[in-house]
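I have placed the structure first, in the form of structure tokens, so that the comments after it can refer back to it.
The values are calculated or read from the model by the stated rules, or taken from the named source; none is laboratory data. Predicted model, so just to flag it, every value in this text is computed and none were measured. Heads up, the Cβs are rebuilt from the backbone with ideal geometry, glycines too, and the neighbour counts pull from every protein chain shown.
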Amino acid sequence: MADHLNSKTWKGPTIHEIARLAGVGPATVDRVLNNREGVRERTRARVLGVLEKLKNERSGGDAPVQIRLFCDSGETFNAAMAAAVSEVNRSVSGVEIEGIYVTTSAADPIAFAKQIEQGGSGADGVVIIAREHPAINRAIRKLRTIDIPVVCLTTDLPSSRRSVYVGNDQYAAGSVAALLIGNALPKERNSILIVMSVPFRCQQEREMGFRRVLRSDFPYLKIEERVISDEQPENTCEQLIRYFEANGHPAAIYNVAGANRGIAKALENTGKSDETVFVGHELSNHSRGLLESGVMDYVISHDFAGELASAARWIKENFNGVTAAPSYSQILVHTRYNCGF
């Protein structure tokens, strides 16, 4: 394969073109194309995906499927999804994704629903990450009435009549969090604080799974309170410090929402970061730093780009009659020792 790529008669993509789009060095591309060792599987898949995409484009294949992603989340998660969009556009053949992002704490769900309805109607397919809200559910139902396939990503909206859900089993993810905290704490009565935000279904399902495992496996651990965060780090920090002053410090904090930085800052400011078991979700540059510093103990996450690629492929294949929902994605547990990207 590499010989063909370097040949003067080869009309396909060059090693340097593949390397540039895949975000790797030419030597890595050469190792992948010659099936040599020393390349991570995720990198290998990205390189082969870029090769397939470039070959398809140059063979005069069908126009790419136009997909719009609507993402309602915190700034860190939105940035992670924007990076995933870039990776999928580079590596998945036959699709082009445009991302539209709103910050949950500042977003009007009714206005966001209008964006979904109006912007989605001009796309071949739609991917949505959004909170539970009647207007958003209604916008998705309207897209389905005009046969626009709609995939809910990361957090589900089953009452919207969306086409499929792609992501973790969030109930199981919350169960994993309870097991991690329960095993980390001594076998004695202790309190746990849950931090949530607006009504995302993934957060509700995580809490349900968390509570079930505590009841069954760790009945001596009690959830004393829930704090509702706006997912802004500074606000969350101030809110938690006030909570600590009024209620004391919990033995553990489970954050089902965003703003891990705000919780970490509150623990550091009160001198309790070494004493509090802190578990949250979504591996990012910020949460990786918190793991490496020891403020966070565990981060439960998933493969953003892999899930988005799965959603994009499902939309593309849906035009050929595919209707079966993809299986749940793998739940990933990160510590300071395995938090590299």
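The residue list A135, A184, A139 contains one member that is in contact (Cβ under 8 Å) with a residue 60 or more places away in the chain and among the aliphatic types (A, V, I, L, M), which is A184.
Results for (1) in a helix (DSSP H, G or I); (2) among the aromatic types (F, W, Y); (3) over 23 Å from V198 (Cα atoms), shown as yes or no for each residue.
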residue: I241; (1), (2), (3): yes, no, no
residue: Y254; (1), (2), (3): no, yes, no
residue: R261; (1), (2), (3): yes, no, no
residue: G289; (1), (2), (3): yes, no, yes
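Considering the stretch 199-220, the residues that are among the hydrophobic types (A, V, I, L, M, F, W, C) and out of contact with any Ser or Thr (no Cβ under 6 Å at 6 or more places or on another chain) include one that is surrounded by the fewest Cβ atoms within 10 Å (Cβ to Cβ), namely M208.
Of the residues making up the stretch 50-75, just one is part of a helix (DSSP H, G or I) and at pLDDT 85 or above, namely E75.
Let's see how each residue does on (1) of a type in the set (A, V, I, L, M, F, W, C); (2) buried (at least 16 other Cβ atoms within 10 Å of the Cβ):
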site	(1), (2)
Y298	no, yes
G306	no, yes
R313	no, yes
G321	no, no
A325	yes, no
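The requirement of being small (G, A, S) and either in contact with a strand residue (DSSP E or B) (Cβ under 9 Å, 6 or more places away or on another chain) or outside the structural domain of K265 (by TED's automatic domain parsing) (or both) is fulfilled nowhere in the stretch 207-224; no residue meets it. Number of residues in the stretch 240-285 that are crowded, with 21+ Cβ neighbours inside 10 Å and in contact with a Lys or Arg (Cβ under 6 Å, 6 or more places away or on another chain) equals 1.
Exactly one residue out of V24, V39, V47 is in a loop (DSSP other than H, G, I, E, B), at pLDDT 80 or above, within 24 Å of E96 (Cβ to Cβ) and among the β-branched types (V, I, T): that is V24.
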